[in-house]
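Only one structure is covered here, and it is reproduced in the block below.
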Amino acid sequence: MSSPPPSATALASRAAAATPTLIWTALIVVYLLWGSTYLAIRVAVETLPPLLSAALRFAVAGLVLAVVLRLRRGPGSLRVDRRQLGSAALVGVLLLAGGNGLVVLAESGPPGVAVPSGIAALLVATVPLLVVLLRSATGDRPPVWTFAGVTLGFVGLVLLVLPAGDSAAVPLLGALTVVAAATSWSLGSFLSGRIRMPADPFVATVYEMMAGALVLAVIAAGRGELGEFHPSTVSTRSWLALGYLMVAGSLVAFTAYVWLLHNAPISLVATYAYVNPAVAVALGALLVAEPITPQVLLGGAVIVAGVALVVTTERPRRANAGSRSGATAVDDRR
């Protein structure tokens, strides 16, 4: 359900507030913080149960955001009808339990199965490509160059998992897990613009986080993670990484992202989709010595080029579309 068009006064006020300095500051925040969350996930799951850590992250972040909205806007700020609540819950499960939860599992697997944080980010960069395929399946007809970008991106994905010598550049099972995560995230992003969501994106995010956290907690319990969790055995760096994910990834960066969606061209905001993987690969190599082979560099570069082509080609269409549909194509709340 879209909000009414802003008045001329509101538009002028927004334009005055959204200076180039503020826009680029918010972009850099999204670039760096969301790009760094993949490494933070890897550190958190060193001694924390994977799905339980994700459930804690989103439950705390959702609760903090709910409290902030309640204090700033007063009673009724979180009120939604039953249909909006159900829609937000569905999107939250797809984005956070399916999308983020599977990434966490892929990064926490045993040696030979676990996916390095930088590679996980490169694989998740296929989300805009998958959204294009979903749009096509429902009757939309993206431009030819958009399909060229999708094809190029998936060629890069194949290069990443293609065997080189005795083994693949990326563990196949772990890579498929991340691709499944990207598929779930794409479906959640796609549906969020086509079902009746809460009008306020911050309110929607509260319910998305709570629903995702609940499902993650239930699955974690089914996997026996609750019985295996002993706070005394968790390292300080894992606790710090979890805190970083809660604050930097789920609160600060997301707030900057939502502000950008309302104050900057969607084509500019969408650049995070191919900057985040570069940040993640660089941090993984610099801080935890994750290997970067020529095959990884080639496959990653091809994926990023494909995403860049899709984002660039879609610019005129997004400029003419509503802000909600534009956000849907690149939604990637880490």
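The values are calculated or read from the model by the stated rules, or taken from the named source; none is laboratory data. This structure is a prediction, so every number in the text was calculated from the model and none was measured. As a convention, Cβ positions derive from the backbone with ideal geometry for all residues, glycine included, and neighbour counts pool all protein chains shown.
Check the range 50-69 and report whether any residue there is farther than 21 Å from Leu157 by Cβ, touching a residue at least 60 places away in the same chain (Cβ under 8 Å) and outside any helix (DSSP H, G or I). No - not one qualifying residue is present in the range 50-69.
Note on the range 236-266: residues that are polar (S, T, N, Q) and touching a residue at least 60 places away in the same chain (Cβ under 8 Å) total 3. Each residue in the range 201-235 was checked for being free of Cβ contacts under 8 Å to residues at least 24 places away in the same chain and farther than 15 Å from Leu56 by Cα, and 4 pass. Only one of the numbered conditions (1) touching a residue at least 60 places away in the same chain (Cβ under 8 Å); (2) surrounded by 16 or more Cβ atoms within 10 Å (Cβ to Cβ) is not met by Leu130, and that is (1). Just to be sure, is Leu226 within 15 Å of the chain's Cα centre (by Cα) and at pLDDT 85 or above? No, not satisfied.
On inspection, Leu105 qualifies as over 16 Å from Gly188 (Cβ atoms) and buried (at least 22 other Cβ atoms within 10 Å of the Cβ). Here Pro143 clears all of (1) under 23 Å from Ala220 (Cβ atoms); (2) in contact (Cβ under 8 Å) with a residue 60 or more places away in the chain; (3) of a type outside the set (D, E, K, R) except the condition numbered (1). Total residues in the range 218-240 satisfying the condition of being in a loop (DSSP other than H, G, I, E, B) and in contact with a helix residue (DSSP H, G or I) (Cβ under 8 Å, 6 or more places away or on another chain): the figure is 2. For the range 260-287, the candidate set comprises residues that are surrounded by fewer than 18 Cβ atoms within 10 Å (Cβ to Cβ) and modelled with pLDDT of 85 or more; within that set, the residue that is nearest to Val115 (Cα to Cα) is Ala285.
Just one of the numbered conditions (1) farther than 21 Å from Val275 by Cα; (2) crowded, with 17+ Cβ neighbours inside 10 Å is not true of Ile195: (2).
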